[in-house]
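FYI, it's all coordinate maths here, none of it is from the lab. Small disclaimer: the values here were computed from a predicted structure and weren't measured. Using ideal geometry, Cβ is built from the backbone for each residue, glycine included, and neighbour counts are taken over all protein chains shown.
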Amino acid sequence: MELEKEFLDIVDEIINSEEFQKRKKYRHHEDESVYDHCLEVSYLSYKLAKKFGCDYKSAAIGGLLHDFYPYPWQYTDEEKVIFNIPDRPKNIFKQHGFTHAKEALSNAKEHYPKVLNSRIENIILRHMFPLNIMPPKYSESWIVTFADKYVSARVLKHPRSYYKYLGLEGMLKKIKNFLKK
Ligand SMILES: [Fe+2]
Ligand SMILES: [Fe+2]
């Protein structure tokens, strides 16, 4: 995929920063890295926002940072040690699907405070709608929410992966065990 120069000028500083480069080693869906996933969502959001006359700069940056949570959520025992990842919470509502949008926003505030604006913050915070029930506020947030699902659905090969993606695998197991009783 060839990326437009205008797009690269917008995202250049972030993608080349040390912290963002770490995402090349964070696994996301299947074998795709968080880096590749976010870049793809960012580019699609940029193109859609341009087409619909929206703030394409915010859409591009929001798309890039929408999954900027601090630790990889899929990891081996070895990676858990390498990345110093805390134990998974037992409470289902504290698991990845429900919490990572908030975590991504506070991590973005910590690392890239100067690039944020209210649209970008809303894009990051609301991108997991409808799992996170508060709907997006701006057109650009809707665009990134859609782009994220579109890009993810293409990568996920098995329906079970959707539960995993949403951080609901634990809930699925509990329901299955309950039905067995
Ligand atoms: Fe996400
Ligand atoms: Fe995502």
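In debye to the nearest 20, how big a dipole does the chain give about its Cα centre with +1 on each Lys and Arg Cβ and -1 on each Asp and Glu Cβ?
Charge dipole of the chain: 1180 debye, to the nearest 20.
Subtract the Cα-Cα distance of Glu78 and His111 from 0.36 nm times their separation in residues, and report this length gain in nm to one decimal.
Additional length available on full extension: 9.3 nm.
Could you rank the peptides 4-15, 98-109, 51-62 by their average count of other C-beta atoms within 10 Å per residue, with the highest value first?
Numbers: 4-15: 15.0, 98-109: 19.0, 51-62: 21.8.
So the peptides 4-15, 98-109, 51-62, ranked by packing, come out 51-62, 98-109, 4-15.
With respect to the cross-link table entries Lys25/Lys80; Lys24/Lys137; Lys90/Lys137; Lys80/Lys180; Lys47/Lys94, which display a Cα-Cα separation exceeding 24 Å?
Among Lys25/Lys80; Lys24/Lys137; Lys90/Lys137; Lys80/Lys180; Lys47/Lys94, the Cα-Cα distance tops 24 Å for Lys24/Lys137; Lys90/Lys137; Lys80/Lys180; Lys47/Lys94.
Sort all Cα-Cα distances of segment 10-74 into consecutive 10 angstrom bins from zero, then give the percent of pairs in each bin up to the one containing the longest distance.
24, 51, 22, 3
Using a/c under 1.5 as the rounded threshold, could you call segment 70-133 rounded, prolate or oblate? The axes a ≥ b ≥ c are square roots of the C-alpha gyration tensor eigenvalues, and prolate needs a/b larger than b/c, oblate otherwise.
oblate
Towards the positive end of the charge dipole of the chain, with charges on Cβ (+1 Lys, Arg; -1 Asp, Glu), say which of Tyr43, Asn132, Phe7 has the farthest Cα.
Of the candidates, Asn132 comes out farthest on the positive side.
Seen from all sides and averaged, what is the projected area of the convex hull of the Cα atoms in segment 5-180, in nm²? Could you put the intermediate results ahead of the total?
On the way: hull surface 42.6 nm².
Mean shadow area of the hull around the Cα atoms is 10.6 nm².
Show which aspartates and glutamates lie in cross-link reach of Lys149 when reach means a straight Cα distance below 13 angstrom and same-chain residues fewer than eight apart are skipped.
Glu40, Asp67
Can you compute the FRET efficiency between Val155 and Ile133 using 1/(1 + (r/R0)^6), with r the Cβ-Cβ distance and R0 = 25 Å? Round to the nearest 0.05.
With R0 = 25 Å, the Cβ-Cβ based efficiency is 0.50.
Name the residue, out of Arg119, Arg27, Arg154, whose mean-square fluctuation peaks in a Gaussian network model built on the chain with Cα pairs under 10 Å.
Per the Cα network of the chain with a 10 Å cutoff, Arg154 tops the list.
Just going by the charge dipole of segment 75-126, with Lys and Arg at +1 and Asp and Glu at -1 on Cβ, which of Leu105, Pro89, Tyr75 is farthest out on the positive end?
The residue sitting farthest along the positive end of the dipole is Leu105.
So what is the relative contact order of the chain, in percent, for Cα pairs below 8 Å that sit 6 or more residues apart? List each step's numbers first, then the result.
On the way: 229 pairs, mean separation 41.1, N = 181.
About 23 percent, as a whole number.
Where the only charges are on Cβ atoms (+1 Lys, Arg; -1 Asp, Glu), what is the dipole of segment 38-102 about its Cα centre, to the nearest 20 debye?
380 debye
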